[in-house]
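Report on the structure given below.
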Amino acid sequence: MRIPAETALPSALGLALVLLVPSGAASASPAAAPTPPSCRESRLTATAEASGGPEVLRISITNHGRQACVVDRVPTVVFGDLDGPALPVPEGGSGPHRVPAGGSAHAAVRTLDPAAEELRVVDRLTVAGDPAHRGRTFGSASLGAPDGIRVREPVTTRWHRSSEAADAALERHTG
């Protein structure tokens, strides 16, 4: 049986397209939600407080803007005039963390490694939601440390939705 060329060619092209196009690619799929803009520092409020645990602080940022925005997933925590911020646990690089309008993000900071044989004492720490921000500075007395904040190998969690989740992450990674 012979198939006419005008029928065979369109059928062959249709079969080739079916074989070349990945499954589901032809169907309409919703586009990924766009990343919100970076948070403006003027729309964020940073807080820091003693957690009740030894050498552990709780920090947070609140977005007072009308729309969600992003900060770096690792808070910037700097101790007095010491060089370098607290290191993230778990290790990892920068990335966006979404903070909803009117919402907050929380992290836990361990200021002193329990195995430290040496330490420094500082009179303040600065917390910023993003490395591009100047941050807010807190005196040691306001953090329950009137004689200064003891620091050696400080670490911080990434931002979390609650202080309890941040506390659990710190325990899990430094435990």
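A few notes on this one:
- Selection within the range 136-175 - farther than 14 Å from Val77 by Cβ and either β-branched (Val, Ile, Thr) or in a helix (DSSP H, G or I) (or both): Ala141, Ser142, Ser163, Glu164, Ala165, Asp167, Ala168, Ala169, Glu171, Arg172, His173, Thr174
- Options Leu125, Leu143, Leu170, Leu87: the member that is closer than 30 Å to Ala68 by Cβ, surrounded by fewer than 13 Cβ atoms within 10 Å (Cβ to Cβ) and of a type in the set (A, V, I, L, M): Leu87
- Search result, residues across the range 147-175 that are over 22 Å from His97 (Cα atoms) and touching a Ser or Thr at 6+ places or on another chain (Cβ under 7 Å): Gly148, Ile149, Arg150, Val151
- Pairs with Cβ under 7 Å, 6+ apart, first in the range 136-164 and farther than 23 Å from Ser104 by Cα and among the β-branched types (Val, Ile, Thr), second open to solvent by 40 Å² or more (accessible area, probe 1.4 Å) and assigned to a strand (DSSP E or B): Ile149/Val121; Val151/Arg120
- Considering the range 90-108, the residues that are open to solvent by less than 30 Å² (accessible area, probe 1.4 Å) and in contact with a Lys or Arg (Cβ under 8 Å, 6 or more places away or on another chain) include one that is farthest from Arg124 (Cα to Cα), namely Gly95.
The values are calculated or read from the model by the stated rules, or taken from the named source; none is laboratory data. Everything numeric in this text was worked out from a predicted model, so none of it was measured. Virtual Cβ from ideal backbone geometry, glycine too; neighbours counted across all protein chains shown. Accessible surface areas use protein heavy atoms only, side chains included; no ligands, DNA or RNA. Shrake-Rupley method; radii C 1.70, N 1.55, O 1.52, S 1.80 Å.
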